[in-house]
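Only one structure is covered here, and it is reproduced in the block below.
The values are calculated or read from the model by the stated rules, or taken from the named source; none is laboratory data. Keep in mind that what you see is a predicted model, and the values were worked out from it rather than measured. Reconstructed Cβ throughout: ideal geometry from the backbone, glycine too, with neighbour counts over all protein chains shown. Ligands, DNA and RNA are excluded from the accessible area calculation, which covers all protein heavy atoms including side chains. Shrake-Rupley method; radii C 1.70, N 1.55, O 1.52, S 1.80 Å.
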Amino acid sequence: MKQCTHAGALPHPEPRPLNETCPECLSQGWHPVQLRICLTCGHVGCCDSSPGRHATGHHESSGHPVMRTFEPGEDWRWCFVDHVLV
């Protein structure tokens, strides 16, 4: 079974969210669908079901590998590099 090779390098404690919602969506006048937080820097972005796919875009531009859901009651994490749940 494939595992994430990046989780051990994540900062502890987790970074604080830089925003409460996706700033890129707000600037475009869009309503973000399902928020994600970058576990390297705290950037909050929308999921791939949103038109902007800003969480994935943040990973692509920054190289930051792991994000966590930023939705109430959820706590799963995803590694963009290894394509696995963490």
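Nonpolar atom fraction for the chain, defined as the carbon and sulfur part of the 1.4 Å probe accessible area, stands at 53 percent. Using a probe of 1.4 angstrom and keeping all protein chains present, the accessible surface of the chain works out to 60 square angstrom per residue. Accessible area per residue (1.4 Å probe, heavy atoms of protein chains only) ranks R53, R36 as R53, R36, with the largest value leading. Volume per residue for the chain equals 95 cubic angstrom (convex hull of Cα atoms). Could you compute how much accessible surface D75 exposes when probed at 1.4 Å, giving the result in Å² to the nearest 10? Per-residue accessible area (D75): approximately 120 Å².
Over the chain, dividing the summed -39,500 (n - 2.57) contributions of all DSSP H runs of at least 4 residues by the number of residues returns a 222 nm mean residue ellipticity of -4500 deg cm²/dmol. Summing Lys and Arg as +1 and Asp and Glu as -1 over all other residues whose Cβ lies under 15 Å from the Cβ of T56 gives a net charge of 0.
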